[in-house]
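Enquirer: Take this structure, written in structure tokens, and hold onto it; I'll ask about it next.
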Amino acid sequence: MEIAVVDYKGGNVQSVLFALERLGAQATLTADPEALRRADKVLFPGEGEASSAMQALRESGLDLILPSLTQPFLGICLGMQLLGTHSEENDTPLLGLLPFKVQRFAPDAAHKVPHMGWNNLQALKGPLMAGLTEADHVYFVHSYYAPVGSYTIAQAAHPGPFSAAVQHKNFFGVQFHTEKSGPVGTRILANFLAL
């Protein structure tokens with residue numbers, strides 16, 4: 001199986017490559033359009049800020065390549081947010097692959113921003129969440145979120161509900177860090193590779 005990890009100079013790439021290696025999967029870090037089209041699975045990790053990430057995608061032409069991919073595709077953290085239509089972070093147009101607008105958490109006395117730490121998953125559905133329960137916890141670090149909608153396949157709360165995982169056609173996304181979420185994150189990566 002050919003696995004491609006999108007190289008757009010985004011953060012968090014090496015830890016995703018190591019997580020795949022622990023599953024016995026060899027992945028190639030690439031920005032080559034043909035390599036991305038040829039891959040059986042594509043992962044799109046990210047850390048950082050939306051407008052800088054989108055600028056990097058536009059400069060490389062990946063903003064046009066990624067939406068054309070037809071194989072299973074997984075956005076992780078910022079990689080998930082970039083699948084939406086627009087982000088409040090620096091008023092940024094996104095890839096437009098899923099119909100959500102990324103919003104900033106509103107801090108209150110009990111809930112700081114960024115949302116950082118372990119949180120359980122709720123309202124699980126679909127093959128990416130196979131074998132998980134609402135007792136399972138994953139690791140989040142984010143200040144922006146996608147609201148809950150028809151595309152939501154798992155929710156978490158901070159304090160209100162938000163999309164912890166999303167899907168539309170072949171495009172999947174997880175707001176949390178699979179590669180930092182222990183056995184639960186490993187199970188989700190394994191589920192993705194099995195699609």
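Enquirer: Is it true that some residue in segment 134-155 is open to solvent by 40 Å² or more (accessible area, probe 1.4 Å), within 15 Å of L43 (Cα to Cα) and β-branched (V, I, T)?
Expert: Within segment 134-155 (the criterion being open to solvent by 40 Å² or more (accessible area, probe 1.4 Å), within 15 Å of L43 (Cα to Cα) and β-branched (V, I, T)), the answer is no, since none of the residues qualifies.
Enquirer: A further question on this structure: Which members of segment 104-117 meet the condition of being open to solvent by 100 Å² or more (accessible area, probe 1.4 Å) and either among the small types (G, A, S) or more than 13 Å from Q175 (Cβ to Cβ) (or both)? Talk me through it step by step, then tell me what you get.
Expert: First, pick out the residues of segment 104-117 that are open to solvent by 100 Å² or more (accessible area, probe 1.4 Å): 104, 109, 112, 116.
R104, A109, K112, listed by residue number.
Enquirer: Return the pair list, or none, for Cβ contacts closer than 9 Å from residues in segment 92-107 that are touching a residue at least 60 places away in the same chain (Cβ under 8 Å) to residues that are of a type in the set (K, R), at least 6 apart or on different chains.
Expert: L97/K169
Residues checked against (1) surrounded by 14 or more Cβ atoms within 10 Å (Cβ to Cβ); (2) polar (S, T, N, Q); (3) within 14 Å of the chain's Cα centre (by Cα); (4) in a helix (DSSP H, G or I):
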{"site": "A19", "(1), (2), (3), (4)": "yes, no, no, yes"}
{"site": "A25", "(1), (2), (3), (4)": "yes, no, no, no"}
{"site": "S52", "(1), (2), (3), (4)": "yes, yes, no, yes"}
{"site": "L57", "(1), (2), (3), (4)": "yes, no, no, yes"}
{"site": "L66", "(1), (2), (3), (4)": "yes, no, yes, yes"}
{"site": "G79", "(1), (2), (3), (4)": "yes, no, yes, yes"}
{"site": "G84", "(1), (2), (3), (4)": "yes, no, yes, no"}
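Enquirer: Moving on. Quickly run through segment 173-190 and pick out the residues that are in contact with a strand residue (DSSP E or B) (Cβ under 7 Å, 6 or more places away or on another chain) and open to solvent by 10 Å² or more (accessible area, probe 1.4 Å).
Expert: If the condition is that a residue be in contact with a strand residue (DSSP E or B) (Cβ under 7 Å, 6 or more places away or on another chain) and open to solvent by 10 Å² or more (accessible area, probe 1.4 Å), then K180, V184 are the ones that fit.
Enquirer: Another question, if that's okay. Just to be sure I understand, how many residues within segment 86-97 are in contact with a Lys or Arg (Cβ under 6 Å, 6 or more places away or on another chain), part of a loop (DSSP other than H, G, I, E, B) and open to solvent by less than 60 Å² (accessible area, probe 1.4 Å)? Lay out the reasoning, then the answer.
Expert: Narrowing segment 86-97 to residues in contact with a Lys or Arg (Cβ under 6 Å, 6 or more places away or on another chain): 86, 88.
In the following step, the residues that additionally are part of a loop (DSSP other than H, G, I, E, B) were identified as 88.
Now drop any that are not open to solvent by less than 60 Å² (accessible area, probe 1.4 Å), which leaves none.
Residues meeting the conditions: 0.
Enquirer: Kindly indicate the residue of segment 152-194 that is of a type in the set (S, T, Y) and over 12 Å from the mean Cα position of the chain (by Cα) and also farthest from Y139 (Cα to Cα) among those meeting that condition. Let's see the steps before the verdict.
Expert: Keep residues of segment 152-194 that are of a type in the set (S, T, Y), which gives 152, 163, 178, 181, 186.
With over 12 Å from the mean Cα position of the chain (by Cα) added as a condition, the list becomes 152, 181, 186.
Working: T152: 18, S181: 5, T186: 12 Å.
Checked segment 152-194; the qualifying residue farthest from Y139 (Cα to Cα) is T152.
Enquirer: Tell me which residues, restricted to segment 28-43, are more than 20 Å from V184 (Cβ to Cβ) and crowded, with 22+ Cβ neighbours inside 10 Å.
Expert: First pass over segment 28-43, keeping only residues more than 20 Å from V184 (Cβ to Cβ): 28-40, 42.
Across segment 28-43, the qualifying residues are L36, A39, V42.
Enquirer: For segment 103-111, does any single residue satisfy the condition of being among the aliphatic types (A, V, I, L, M), outside any strand (DSSP E or B), over 14 Å from P147 (Cα atoms) and more than 17 Å from the chain's Cα centre (by Cα)?
Expert: Residues of segment 103-111 that are among the aliphatic types (A, V, I, L, M), as a first pass: 106, 109-110.
Filter once more, so that each one left must be outside any strand (DSSP E or B): 106, 109-110.
Restricting the remaining residues to those that are over 14 Å from P147 (Cα atoms) gives 109-110.
Those left that are additionally more than 17 Å from the chain's Cα centre (by Cα): 109-110.
Looking through segment 103-111, at least one residue is among the aliphatic types (A, V, I, L, M), outside any strand (DSSP E or B), over 14 Å from P147 (Cα atoms) and more than 17 Å from the chain's Cα centre (by Cα).
Enquirer: Also: Mind counting the residues in segment 156-172 that are open to solvent by 30 Å² or more (accessible area, probe 1.4 Å) and part of a strand (DSSP E or B)?
Expert: Number of matching residues: 4.
Enquirer: Still on this model: Check segment 11-24 and report whether any residue there is touching a Phe, Trp or Tyr at 6+ places or on another chain (Cβ under 9 Å) and farther than 22 Å from G149 by Cα.
Expert: no
Enquirer: In segment 44-80, which residues are under 18 Å from L128 (Cβ atoms) and out of contact with any Gly (no Cβ under 8 Å at 6 or more places or on another chain)?
Expert: If the condition is that a residue be under 18 Å from L128 (Cβ atoms) and out of contact with any Gly (no Cβ under 8 Å at 6 or more places or on another chain), then L69, T70, Q71, P72, F73 are the ones that fit.
Enquirer: Find the residue count for segment 120-133, including only residues that are closer than 21 Å to E47 by Cβ and open to solvent by 20 Å² or more (accessible area, probe 1.4 Å).
Expert: 0
The values are calculated or read from the model by the stated rules, or taken from the named source; none is laboratory data. These numbers come from a predicted model, not from an experiment. Because the Cβ atoms are built from the backbone with ideal geometry, glycine has one as well, and the counts that use them run over all protein chains shown. When the accessible area is computed, the model is the full protein with side chains, heavy atoms only, and any ligands, DNA or RNA have been set aside. Shrake-Rupley method; radii C 1.70, N 1.55, O 1.52, S 1.80 Å.
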